[in-house]
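Colleague: The structure follows.
The values are calculated or read from the model by the stated rules, or taken from the named source; none is laboratory data. Please read these numbers as outputs of a predicted model, since none were measured by experiment. A quick note on method: Cβ atoms are made from the backbone with ideal geometry, for glycine too, and the neighbour counts reach across all protein chains shown. In case anyone asks, the SASA skips ligands and DNA or RNA and just uses the protein heavy atoms, side chains included. Shrake-Rupley method; radii C 1.70, N 1.55, O 1.52, S 1.80 Å.
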Amino acid sequence: MAHIPVLLQATIEGLAPQPGETVFDGTAGGGGHGRILCERIGQAGTYIGVDADTEALERVQAALAGVPATVKLVNDNFRNIKAVCQKLGIGKTDVILLDLGLSSNQLDISNRGFTFQQDQPLLMTFDPDTSKYPFTAQTILNEWDEENIATILANYGEEQFASRIAERIVKEREMKPFATTKQLVDVIIASVPGWYRHRRIHPATKTFQALRIAVNDELGALRQAMADGWEVLAPGGRLGIITFHSLEGRLVKEFFLQHKREGDGELLTKKAVGPERNEQLENPRSRSAQLRIIRKLA
């Protein structure tokens, strides 16, 4: 399944990339946003595409073939925006975009355990090279104690049955260590009440979200990327962030409001922008997407 960039029109219009500008795309993904950004900044512009997933960068390279801009692709986490820019000799950027959603490729074909709809290894690392990570989802499930597992599920997944799920995980692993997503899904379903299994949202959604956030330190990465990104953003530059769950959304909203209060930021989105009905129908994974954009004043 091809990756469909979310909120594409709203993102491009809101960030308003101009000819000759420098764009930092911290989650280059499938290159959907990147191609349009490159077309807007033209031959005199520079596009820096960063992704922690080496496989994603290969797709971006293909997607951006023939674009007019100067393209620099980097395998790194967007949290290292300052180091990436320094290494490339980039002083300031005019546009920063962070699309915090998983790509369809990561969900459907990466075979790293991001989806509960297929039976895959329980890794959940953005980079295929798991040696770069202190632990994987499998490590958490098989080695962490019950209290820490419950804390992860409650804090990062906002899972109301975190304690029940954690208790069952610990019991199940004594009989058979966790290795695949199906094992985890079966345990979650067995842990929660019947009504919880039959809602529109799959009962495993929050647990999978929590494990992925923990493995990739997503909230820590977002905090660092916003703080350091603000430093490398030129006066008049625009920072746009697309979030997909409330934890991310709150962090971004608070960061933007802080700079508005301090007088060095202007909110270009008065409230979060979500997908219109036709986009939700074409791409159901866009439903929870929210775009916020701020301009740096000084």
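Colleague: Can you find a residue in the range 262-274 that is of a type in the set (Asp, Glu) and touching a residue at least 40 places away in the same chain (Cβ under 8 Å)?
Modeller: Within the range 262-274, none of the residues are of a type in the set (Asp, Glu) and touching a residue at least 40 places away in the same chain (Cβ under 8 Å).
Colleague: Would you check which residues across the range 37-73 are in contact with a strand residue (DSSP E or B) (Cβ under 8 Å, 6 or more places away or on another chain), under 22 Å from THR130 (Cα atoms) and among the aliphatic types (A, V, I, L, M) and list them?
Modeller: Correct list: VAL50, ALA52, LEU57, VAL60, LEU73.
Colleague: Evaluate the range 162-176: report whether one residue or more is of a type in the set (S, T, N, Q) and either touching a residue at least 24 places away in the same chain (Cβ under 8 Å) or in contact with a His (Cβ under 9 Å, 6 or more places away or on another chain) (or both).
Modeller: no
Colleague: Are any of the residues in the range 140-157 assigned to a loop (DSSP other than H, G, I, E, B), within 18 Å of the chain's Cα centre (by Cα) and surrounded by fewer than 21 Cβ atoms within 10 Å (Cβ to Cβ)?
Modeller: Scanning the range 140-157, I find no residue that is assigned to a loop (DSSP other than H, G, I, E, B), within 18 Å of the chain's Cα centre (by Cα) and surrounded by fewer than 21 Cβ atoms within 10 Å (Cβ to Cβ), so the answer is no.
Colleague: Now for a separate question. Identify all residues within the range 209-264 that are open to solvent by less than 30 Å² (accessible area, probe 1.4 Å), among the aromatic types (Phe, Trp, Tyr) and touching a Gly at 6+ places or on another chain (Cβ under 8 Å); write none if there are none.
Modeller: PHE256
Colleague: Follow-up question, since we're still on this one. For residues that are more than 19 Å from LYS206 (Cβ to Cβ) and touching a strand residue (DSSP E or B) at 6+ places or on another chain (Cβ under 7 Å), tally how many sit in the range 121-159.
Modeller: Looking only at that region, the number is 1.
Listed here are the residues, each with its yes/no results for (1) closer than 18 Å to GLY101 by Cα; (2) acidic (Asp, Glu); (3) under 20 Å from the mean Cα position of the chain (by Cα).
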{"residue": "GLY34", "(1), (2), (3)": "yes, no, yes"}
{"residue": "GLY42", "(1), (2), (3)": "no, no, no"}
{"residue": "TYR47", "(1), (2), (3)": "no, no, yes"}
{"residue": "ALA52", "(1), (2), (3)": "yes, no, yes"}
{"residue": "GLU55", "(1), (2), (3)": "yes, yes, yes"}
{"residue": "VAL60", "(1), (2), (3)": "yes, no, yes"}
{"residue": "VAL74", "(1), (2), (3)": "no, no, yes"}
{"residue": "ASN77", "(1), (2), (3)": "yes, no, yes"}
{"residue": "ALA83", "(1), (2), (3)": "no, no, yes"}
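Colleague: I'm trying to understand the selection: among the residues of the range 37-53, which are closer than 12 Å to VAL95 by Cα and touching a residue at least 60 places away in the same chain (Cβ under 8 Å)?
Modeller: Within the range 37-53, LEU37 is the sole residue that qualifies.
Colleague: From ILE12, ILE90, grab the single residue that is modelled with pLDDT of 95 or more and closer than 19 Å to GLN224 by Cβ.
Modeller: The unique qualifying residue is ILE90.
Colleague: Right, another one. Are any residues in the range 51-102 basic (Lys, Arg) and within 14 Å of HIS33 (Cα to Cα), and if so, which ones?
Modeller: Hit for the range 51-102 is ARG59, nothing else.
Colleague: For the list (1) in contact with a Phe, Trp or Tyr (Cβ under 7 Å, 6 or more places away or on another chain); (2) under 23 Å from PRO284 (Cα atoms), I need the number of the one condition that VAL192 fails.
Modeller: (2)
Colleague: Only one residue in LEU37, LEU57, LEU73, LEU15 is open to solvent by 30 Å² or more (accessible area, probe 1.4 Å), out of contact with any Ser or Thr (no Cβ under 7 Å at 6 or more places or on another chain), closer than 22 Å to LEU222 by Cβ and among the aliphatic types (A, V, I, L, M), so which one is that?
Modeller: That would be LEU73, the only listed residue that is open to solvent by 30 Å² or more (accessible area, probe 1.4 Å), out of contact with any Ser or Thr (no Cβ under 7 Å at 6 or more places or on another chain), closer than 22 Å to LEU222 by Cβ and among the aliphatic types (A, V, I, L, M).
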